[in-house]
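Peer 1: Let me give you the structure first, and then I'll get to my questions.
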Amino acid sequence: SRDAQMSSFQNLVRLGIREEVKLESMALNDFRSVLQILHKTEPDEVYNLAGQSSVGLSFELPVETLESIATGTLNLLEAIRFTGAPIKFYNAGSSECFGDTDTITADELTPFRPRSPYAVAKFAAFWEVANYREAYGIFACSGILFNHESPLRPGRFVTQKIVATACKIAQGHSHKLQLGNINIKRDWGWAPEYVQAMHLMLQQPQADDYVIATGNSYSLEAFVMETFNCLGLNWQDHVTSDSSLFRPTDITYSCGNPSKAEKKLGWKAQYKMPEVVRMMIENRLG
């Protein structure tokens with residue numbers, strides 16, 4: 001963490017594992033800091049899940065986004081190379097790198113056409129990983145993960161915003177849900193399953209990159225409808241469109257082909273969007 005002394009680590013508390021995790025402070029954009037932590041902890045595996053994680057926010061913070069993702073990943077790779085230790089490295093890639101695929105289901109060979117500062121940064125990090133794997137023989141993988149949701153999502157993410165607002169309305173609050181473009185389509189999965197896929201990648205005999213997805217795409221409108229239906233509400237009574245929430249550029253359609261992960265990792269998503277919505281609601285109301 002950037003500040004292990006001051007951060008609350010509420011998600012670790014919610015998961016009931018706060019006392020099982022040893023925490024260290026590290027600045028990912030400072031090579032010396034990264035190197036010190038690797039020397040101190042001597043890890044077998046490194047999972048790089050850090051960096052600015054919001055596509056929408058990346059349009060407002062493009063420099064911070066690029067530094068935290070592209071430079072941060074490079075620092076980790078170079079520090080691993082510098083130590084010479086047999087560390088296995090997982091990099092959090094992103095389906096955002098594909099951009100608009102025009103109804104094509106994306107796999108590991110689909111060309112990247114990033115359409116946001118976030119996607120550009122993930123694009124750079126992906127090729128850094130591939131370069132270090134090929135040039136230096138480092139066991140380094142990128143998981144090209146499509147949208148994965150859970151109750152631990154920060155409130156600024158649209159799926160969490162939808163579920164939280166709908167639950168408040170169901171409890172009698174007079175809220176309105178304001179959304180941007182509800183016609184976009186996304187491949188939504190359940191985050192805990194996707195973490196299992198990350199782990200599986202580092203247990204393979206050879207490092208490789210994998211698309212992790214459900215293989216099903218739904219519109220944001222369908223996500224909203226499913227959420228309100230689960231709560232016995234008509235979504236059209238409670239949702240308004242706000243043009244200020246539209247992004248400068250957005251991806252119309254996103255869907256992944258996870259057949260390589262199923263074949264090589266034995267991994268297949270068990271939960272699709274309707275189940276994800278139900279589990280998020282149950283967690284919030286439970």
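The values are calculated or read from the model by the stated rules, or taken from the named source; none is laboratory data. All values derive from a computational prediction rather than experimental measurement. Cβ coordinates were reconstructed from backbone atoms using ideal geometry, including for glycine residues, and neighbour counts include every protein chain displayed. SASA here: full protein model, heavy atoms, side chains in, ligands and nucleic acids out. Shrake-Rupley method; radii C 1.70, N 1.55, O 1.52, S 1.80 Å.
Peer 1: Rounding to the nearest 20 debye, state how big the charge dipole of segment 1-54 is about its Cα centre with +1 on each Lys and Arg Cβ and -1 on each Asp and Glu Cβ.
Peer 2: Numbers: 6 positive and 8 negative charges, 40 e Å.
It comes to approximately 200 debye.
Peer 1: Which net charge results for the neighbourhood of ILE162, defined as the other residues with beta-carbon distances under 14 angstrom from its beta-carbon, given Lys and Arg at +1 and Asp and Glu at -1?
Peer 2: Working: positive: ARG153, ARG156, LYS161, LYS168, LYS176, ARG186, ARG278, ARG284; negative: GLU149, GLU221, GLU226, ASP242.
Value of the local net charge: +4.
Peer 1: Here's something else I'd like to know. When N is the residue count of segment 151-261, what does its C-alpha Rg come to as a fraction of 2.2 N^0.38 Å?
Peer 2: Working: Rg = 16.8 Å, N = 111, 2.2 N^0.38 = 13.2 Å.
It is 1.27.
Peer 1: Right, another one. When the gyration tensor of segment 14-60 is built from Cα positions, what are the square roots of 5 times its three eigenvalues, in whole Å, from largest to smallest?
Peer 2: Values: eigenvalues 108, 69, 17 Å².
Sorted largest first and rounded, they come to 23, 19, 9 Å.
Peer 1: Given LEU28, ILE80, ALA130, which one lies farthest toward the positive end of the charge dipole of the chain, if we put +1 on the Cβ of every Lys and Arg and -1 on the Cβ of every Asp and Glu?
Peer 2: Of the candidates, LEU28 comes out farthest on the positive side.
Peer 1: So if I average 1/r over every pair of distinct C-alpha atoms in segment 93-172 and take the inverse, what Kirkwood radius in Å does that give? If you can, show how the numbers build up before the last one.
Peer 2: Numbers: mean 1/r = 0.0669 Å⁻¹.
It is 15.0 Å.
Peer 1: Separate question: Distance in nm between label sites at HIS173 and ASP208, each 7 Å beyond Cα in the beta-carbon direction?
Peer 2: For HIS173 paired with ASP208, the spin-label model returns 4.6 nm.
Peer 1: Express the carbon and sulfur contribution to the solvent-accessible surface of the chain as a percent, rounded to the nearest whole number, probe 1.4 angstrom.
Peer 2: Details: 7230 of 14540 Å².
Carbon and sulfur together cover 50 percent of it.
Peer 1: Something else: Once a ≥ b ≥ c are taken as the square roots of the eigenvalues of the Cα gyration tensor of segment 215-273, is the result rounded (a/c under 1.5), prolate (a/b larger than b/c) or oblate (a/b not larger than b/c)?
Peer 2: Working: a/c = 4.71, a/b = 1.63, b/c = 2.89.
Oblate is the answer for segment 215-273, as a/c is 1.5 or above yet b/c matches or exceeds a/b.
Peer 1: Now a separate question. Report the percentage of all Cα-Cα pairs in segment 168-223 whose separation exceeds 17 Å, rounded to a whole percent. It would help to have the intermediate numbers written out before the result.
Peer 2: Values: 935 of 1540 pairs.
Roughly 61 percent, rounded to a whole number.
Peer 1: State which entries of LYS185/LYS264; LYS22/LYS161; LYS40/LYS88; LYS22/LYS122; LYS88/LYS122; LYS176/LYS272 exceed 23 angstrom in Cα-Cα distance in the structure shown.
Peer 2: Values: LYS185/LYS264 27 Å; LYS22/LYS161 31 Å; LYS40/LYS88 16 Å; LYS22/LYS122 28 Å; LYS88/LYS122 19 Å; LYS176/LYS272 26 Å.
Over 23 Å Cα-Cα: LYS185/LYS264; LYS22/LYS161; LYS22/LYS122; LYS176/LYS272.
Peer 1: Given just the C-alpha atoms of segment 78-137, how large is their convex hull per residue in cubic angstrom? Mind showing how you got there, number by number?
Peer 2: Values: hull volume 5.2 nm³, N = 60.
Normalising the Cα hull of segment 78-137 by residue number yields 87 Å³.
Peer 1: Related question: Distances longer than 36 Å among the Cα atoms of the chain: what percent of all pairs is that? Display every interim value, and only then the final one.
Peer 2: Values: 6630 of 40755 pairs.
Value for the chain: 16 percent of Cα pairs lie more than 36 Å apart.
Peer 1: Among residues other than GLU42 whose Cβ falls under 15 Å from its Cβ, what is the net charge (Lys/Arg +1, Asp/Glu -1)? The partial results should precede the final answer.
Peer 2: Working: positive: LYS22, LYS40, LYS88; negative: GLU24, ASP44, GLU45.
For residues surrounding GLU42, the net value is 0.
Peer 1: Between THR249 and GLU67, what is the FRET efficiency for a Förster distance of 30 Å, r being their Cβ-Cβ separation, to the nearest 0.05? Display every interim value, and only then the final one.
Peer 2: Details: r = 21 Å, r/R0 = 0.70.
For THR249 and GLU67, the calculated efficiency is 0.90.
Peer 1: Using Cα-Cα distances under 8 Å and only pairs 6 or more residues apart, what relative contact order does segment 89-237 have, in percent? Could you put the intermediate results ahead of the total?
Peer 2: On the way: 194 pairs, mean separation 40.1, N = 149.
Answer for segment 89-237 is 27 percent.
Peer 1: May I ask you to rank SER142, SER8, SER219 by accessible area, largest first, using a 1.4 Å probe over the protein chains only? Working shown, then result.
Peer 2: Details: SER142 0, SER8 75, SER219 25 Å².
The ranking, largest first, comes out as SER8, SER219, SER142.
Peer 1: What is the dipole size for segment 143-286, taken about its Cα centre, with +1 at each Lys and Arg Cβ and -1 at each Asp and Glu Cβ, in debye to the nearest 20? Walk me through the numbers before you get to the answer.
Peer 2: Details: 15 positive and 13 negative charges, 27 e Å.
Rounded to the nearest 20 debye, it is 140 debye.
Peer 1: Another question, if that's okay. When Lys and Arg each count +1 and Asp and Glu each count -1, what net charge do the other residues less than 15 Å away from GLY56, Cβ to Cβ, add up to? Mind showing how you got there, number by number?
Peer 2: Values: positive: ARG115, LYS122, ARG153, ARG156, LYS161, ARG186, ARG247; negative: GLU60, GLU64, GLU96, ASP242, ASP250.
Local charge sum for GLY56: +2.
Peer 1: Probe 1.4 Å, all protein chains in place: accessible area of LEU285 in Å², nearest 10?
Peer 2: Counting only protein heavy atoms, the figure is 80 Å².
Peer 1: Can you tell me how much longer the chain between VAL21 and GLU262 gets when fully stretched, taken as 0.36 nm per residue apart minus their C-alpha distance, in nm with one decimal?
Peer 2: Numbers: separation 241, 0.36 × 241 = 86.76 nm, distance 3.02 nm.
Gain on extension, VAL21 to GLU262, equals 83.7 nm.
Peer 1: Under the rule that an exposed site lies in a DSSP loop and has at most 12 other Cβ atoms within 10 Å, name the longest stretch of the chain with no trypsin sites (Lys or Arg not before Pro) of that kind, not counting the sites themselves.
Peer 2: On the way: sites that count: LYS22, ARG156, LYS176.
The answer is 23-155.
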